[in-house]
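The values are calculated or read from the model by the stated rules, or taken from the named source; none is laboratory data. This one's a predicted model, so the numbers in the text were calculated from it and none came from an experiment. Glycine gets a Cβ as well: all are built from the backbone with ideal geometry, and neighbour counts include every protein chain shown. Please note that ligands, DNA and RNA were not included when accessible areas were found on the heavy atoms of the full protein model with its side chains. Shrake-Rupley method; radii C 1.70, N 1.55, O 1.52, S 1.80 Å.
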Amino acid sequence: MKKYAVISMDVEDWYHSYFPEMDVDRSESLLDGLDVALDIMDQKNIKGSFFVVGEIADQLADKIRGMDANGHDIGCHNWTHLRPVTMPVDEYKAQLLHAKEKLEDVLGHEVVGYRAPAFGIDNERFDAMRSCGFRFDSSKLKPQKSAKYGVLDLNGFEEIYPCIYRDGDFTEFEVSTQKIGSMNMLLGGGYIRMLPWFFMKWMTRRYLKTGRPYVMYIHPIDLSRKPLPHVDGIGLDRYLRTHVGRRGMVRRFRAVIRMLEDAGYEFVTFEQLRRMDFAEQ
Ligand SMILES: [Zn+2]
């Protein structure tokens with residue numbers, strides 16, 4: 001079985017990642033973390049999949065056009081970063097179409113990839129998303145204990161390769177998790193940054209031994225070199241989530257890439273995987 005790795009980034013600013021429902025001062029941006037990721041990936045000639053929040057598409061227009069021309073996937077991550085399950089379906093769909101059209105205007109071609117903010121999608125919204133013309137999605141997680149994630153049932157889909165599911169011409173890519181006891185621990189996002197490195201390394205190695213496709217997701221805030229803007233009254237939990245491990249994250253990001261190389265993984269984008277014929281592998 002060939003081993004595939006996808007580095008995916010949700011292209012959103014710090015206030016989308018951690019304060020989507022709060023009216024915070026947005027004058028400072030931590031989107032430099034996108035450049036940090038691209039620099040590291042360019043050095044290795046790795047192409048990745050990027051899901052962009054619609055409301056910052058104009059701000060990033062030249063950047064994402066360049067990434068698109070350079071072989072990265074540009075997908076959609078909704079208009080704002082509110083969790084879809086918290087929105088009425090009609091409103092969700094209207095915002096999603098708005099974001100898709102905005103990205104298509106910027107890029108000059110169809111946008112077919114999607115990921116739900118905070119993986120907060122359920123089947124009703126999943127069907128609404130599919131009706132907007134997307135061809136692939138990467139919002140599926142193994143069941144999580146945290147109630148903030150949505151529950152997505154892939155009834156009717158066939159698992160055509162481990163963690164890759166297909167229904168007609170639509171493909172779903174599951175984000176990598178490692179089972180520890182009764183928990184499905186996420187191997188990406190802020191977890192690479194926040195969890196003790198020896199533990200993350202151990203979980204990742206264990207996962208890579210299976211040879212299953214590895215899907216990492218990260219955010220600009222994880223790799224940004226700028227300090228986090230001050231937000232009043234955020235409480236300890238959110239303070240820790242936004243601050244822990246930021247200084248060491250670039251090193252960890254490089255280290256995960258090396259682990260994937262050492263384990264014989266080939267870096268691809270979701271769009272490349274979507275077009276593959278797994279029956280021959
Ligand atoms: Zn996101």
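Some values worked out for this structure:
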read-out	value
Filtered residue count, the range 115-136, keeping only those that are open to solvent by 40 Å² or more (accessible area, probe 1.4 Å) and either of a type in the set (Val, Ile, Thr) or within 16 Å of the ligand (Cβ to nearest atom) (or both)	0
Close pairs (8 angstrom Cβ cut-off, 6 or more residues apart or separate chains): farther than 23 Å from TYR239 by Cα in the range 193-207, of a type in the set (Ser, Thr, Tyr) and at pLDDT 95 or above anywhere	TYR207/TYR214
Tabulated pairs, the range 147-165, first touching a residue at least 12 places away in the same chain (Cβ under 8 Å) and at positive phi, second part of a loop (DSSP other than H, G, I, E, B) and buried (at least 16 other Cβ atoms within 10 Å of the Cβ), C-beta under 6 angstrom, 6+ apart or interchain	CYS163/ARG212; CYS163/PRO213
Long-range neighbours under 8 Å by Cβ, at least six apart or interchain, first residue touching a residue at least 24 places away in the same chain (Cβ under 8 Å) and among the acidic types (Asp, Glu) within the range 116-142, second in a loop (DSSP other than H, G, I, E, B) and open to solvent by less than 10 Å² (accessible area, probe 1.4 Å)	ASP137/ARG115; ASP137/ALA116
Wholly within the range 1-114, helices (runs of 4 or more DSSP H) carrying at least 2 residues that are open to solvent by 20 Å² or more (accessible area, probe 1.4 Å) and within 15 Å of the ligand (Cβ to nearest atom)	14-18
When residues of the range 218-234 are limited to those that are hydrophobic (A, V, I, L, M, F, W, C) and within 11 Å of the ligand (Cβ to nearest atom), the one nearest to ARG247 (Cα to Cα)	ILE221
